[in-house]
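Encoded as C-alpha cells, the structure appears first; notes follow it.
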Amino acid sequence: MNKKLLKTINSALERTKTTHYAPVTIDALQARLSEELDWLDACPGRECLILLLQELAAAMRSARIVVSPGYSFLPDSYLLFLTGVTKVNPVEWDLPFSRFTKSVHNGAEIPFEAGTGCLEVARKVLANRENEMVFESEPGLFEITLLEGERLRNIKLRITTYAELDRFTRTIKEGWHPLDQSALQLFSRGATDGTIWFESDKMREWLFDFDPESMSDLVLLNAIYWPGRIQLFPELLRRKQAGEFDKQFKDTYGIPVYQEQNGDSILAPKGHFIGRTMMAVEALWPWRRKAKC
C-alpha cells in the first residue's frame, strides 16, 4: 500500500479509538476496515482512486475551500472517512460498503462536491499525474485512465461547485459540529430560518409536528422531503407517535426509506442525506443559544 495512504489511515485509526460513538465497538470498526482493505488490495486502481480523492480533499481545504461532508455514495466508504474525504463514519450509521463497491467500477462516474474555487484546485492536482492519464472532456468532468488499474481502469471524476458550502469555512479549522440538545430544540420548534434544507414553510411544519429527537430523525425528514417521498410523512408521523412499527427499520419507523435498507435505487441514499443534514446542523449552530430563550 502507498506509504502516505497507510500513514493517514493509521493516524485516523488512533484518533478513532478515542472519539468513536457507542454502541459502535472497536471490533466493528476493525471488521469494516478489513472488508474495505480486501477490496482495495484486489486492484491497484482502487488504491490510486482513494489516494487521488484524498489529495483532492486535502488540497481544497488547504486553499480554504470547503469539501462536502458527505455526497452521493462516497459516505458509504470507511476508507474515505479515515482519509478525510468525507466526514460521515459509515460504521456508526450502518451504511453498507456494498453500495460503494457497486458504484465504483470500470467506467463509473465519481462525484466530488466542494465550494467555490474547487475546479481550479482540482485542475492543479490532476495536472502531470504519475499514475493517471487525465483529460478534461468538459468543464468539471475529468476522464481518467488509472495506469495501474486492472478491474478499475477508467473512471470519470465530476467536480461540482456547490456555492452553499462557502458559508462553512470555519469547519476547515474547527470541523463539522455535532448536533447538541440546544440545536435540536431549535429544529423541534421549526426555528430554522436561513437553515439550508430545513427552511421551507412545509419543512418547518413537519419539524414542529414530528418533534425530532435525534440526528437520525432529522436525516429521515431531509430524505423524504423529496418528490416521490413526501407522501410518506403522514404515516411516519403516525407510527412515531403511536410507537408501533416494525423494528427491522427502526430508524425509519418501520418504513423502508433508504437504498441501504433494501437496495432499491428509487429510495433515498442515506449517506447523501446524512451529509446534507450535517450542513443544516452547522448552519444552525451559531444560533443554538436561542433555544434557551
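Results, tabulated for the structure shown:
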{"item": "Condition met for Leu95 (touching a residue at least 40 places away in the same chain (Cβ under 8 Å), farther than 19 Å from Val66 by Cβ, in the same structural domain as Met60 (by TED's automatic domain parsing) and over 20 Å from the mean Cα position of the chain (by Cα))", "result": "no"}
{"item": "Selection from region 63-99 of residues that are of a type in the set (Ser, Thr, Tyr), at pLDDT 95 or above and part of a helix (DSSP H, G or I)", "result": "Tyr78"}
{"item": "Helices (runs of 4 or more DSSP H) lying entirely in region 222-293 (those with 2 or more residues that are aliphatic (A, V, I, L, M) and within 23 Å of the chain's Cα centre (by Cα))", "result": "270-284"}
{"item": "Those strands (runs of 3 or more DSSP E) lying entirely in region 121-197 with at least 1 residues assigned by TED's automatic domain parsing to the domain that holds Glu282, at pLDDT below 95 and under 23 Å from Asn222 (Cβ atoms)", "result": "none"}
{"item": "Selected residue (only one of Leu33, Leu49, Leu29 is in the same structural domain as Thr145 (by TED's automatic domain parsing), at pLDDT 75 or above and in contact with a strand residue (DSSP E or B) (Cβ under 7 Å, 6 or more places away or on another chain))", "result": "Leu49"}
{"item": "Residues of region 100-120 that turn out to be among the hydroxyl-bearing types (Ser, Thr, Tyr) and either part of a loop (DSSP other than H, G, I, E, B) or over 17 Å from the mean Cα position of the chain (by Cα) (or both), as a count", "result": "1"}
{"item": "Hits in region 205-234 - residues which are among the charged types (D, E, K, R) and in contact with a strand residue (DSSP E or B) (Cβ under 8 Å, 6 or more places away or on another chain)", "result": "Arg229"}
{"item": "Only listed residue being among the aliphatic types (A, V, I, L, M), buried (at least 21 other Cβ atoms within 10 Å of the Cβ), at negative phi and assigned by TED's automatic domain parsing to the domain that holds Arg99, chosen from Val85, Val24", "result": "Val85"}
{"item": "Considering residues of region 100-119 that are at pLDDT 95 or above and charged (D, E, K, R) only, the residue nearest to Gly45 (Cα to Cα)", "result": "Glu109"}
{"item": "Identity of the residue in region 124-150, aliphatic (A, V, I, L, M) and touching a strand residue (DSSP E or B) at 6+ places or on another chain (Cβ under 7 Å), that ends up farthest from Asn106 (Cα to Cα)", "result": "Leu126"}
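Quick grid of which residues meet (1) β-branched (Val, Ile, Thr); (2) under 30 Å from Gly243 (Cα atoms):
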{"site": "Val125", "(1), (2)": "yes, no"}
{"site": "Ile144", "(1), (2)": "yes, no"}
{"site": "Glu148", "(1), (2)": "no, no"}
{"site": "Asn154", "(1), (2)": "no, no"}
{"site": "Lys173", "(1), (2)": "no, no"}
{"site": "Gln185", "(1), (2)": "no, yes"}
{"site": "Lys202", "(1), (2)": "no, yes"}
{"site": "Asp211", "(1), (2)": "no, yes"}
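The values are calculated or read from the model by the stated rules, or taken from the named source; none is laboratory data. Bear in mind the structure is a predicted one, so any value in this text is a computation, not a measurement. Cβ sites come from the backbone with ideal geometry, for glycine too, and all protein chains shown count toward neighbours.
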